[in-house]
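Here's the structure, in structure tokens; my notes come after.
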Amino acid sequence: MGVDDNNSHVRINRKTSLGRHDAQVDAWCSDFERLCRGRGIRVTPQRLAVYRALAEDLAHPTAESVYTRLGGRMSGMSQATVYRTLEFLEREKLVRRVSAPEAVARFDANLDFHQHLVCRRCGRLTDVAVPELRKPKIPNVPGFIVEELDIRLVGRCRDCSGSSLKRRGRRPAARSLKSKS
């Protein structure tokens, strides 16, 4: 499924190659446990499993995809438990909710400074760190207290950048040069 002309439907790219190495995931989970214990937060098997699922998946999964992924690992974990756990981890600033073009929430275990590249065609959401955006000027909005600024860079990924021209039977201008006779 792709995007319609109004960009109202976006497919979430769930390639299995979008994952972290086991050693990195194990290190992140150890840091997560240490941080929780240091803040007096219980590390339950459910919380650790949900966090691990996020740490493993670079595609910024939805609550539903986390639930599906955990279905085989933790029998008896309900979808409601996954949703409550993600809400709790976000509230405690242990994971972050990611702004995505679709209405469904996506989550990220990576709390390091970074932004997200969002492909408006395929829905792929990729981490990128743009140093110039490290200290943006937070606007002063009358009657509103700005607490955070979420910057997404929206466009088309490399795989999708020429797809609209190819589907219509046209080639990009740089490739359509013909020799004059």
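Read the figures in this text as sums done on the coordinates, not as results from a lab. For clarity, every value in this text was computed on a predicted model and none was experimentally measured. Here the Cβ is made from the backbone with ideal geometry for all residues, glycine too, and neighbour counts use every protein chain on show.
Each listed q (0.12, 0.17, 0.21 Å⁻¹) maps to a log10 I(q)/I(0) for the stretch 22-166 from the Debye sum over equal C-alpha point scatterers, namely -0.59, -1.06, -1.34. Here the peptides 38-48, 130-140, 75-85 are ranked by packing, the mean other Cβ count within 10 Å, and the order with the highest first is 75-85, 38-48, 130-140. Highest average first, the peptides 25-34, 56-65 ordered by how many other beta carbon atoms sit within 10 Å of their residues are 56-65, 25-34. Electrostatic tally near Arg156: other residues with Cβ closer than 12 Å to its Cβ, Lys and Arg +1, Asp and Glu -1, net +3. Please tell me the relative contact order of the stretch 22-166 in percent, rounded to the nearest whole number, where contacts are Cα pairs under 8 Å and at least six residues apart. Contact order relative to length: 18 percent. Magnitude of the charge dipole for the stretch 43-86, about its Cα centre and with charges confined to Cβ atoms of Lys, Arg (+1) and Asp, Glu (-1), is about 160 debye. The residues neighbouring Val25, those whose beta-carbon lies less than 12 Å from its own, together hold a net charge of -3 under the Lys/Arg +1, Asp/Glu -1 convention. One chain, two ends: Arg158 and Phe144. Fully extended at 0.36 nm per residue, the span grows by 1.3 nm beyond their Cα-Cα distance.
Here the spin labels are modelled as points 7 Å beyond Cα on the Cα-Cβ line, and at Leu35 and Val128 they lie 2.4 nm apart.
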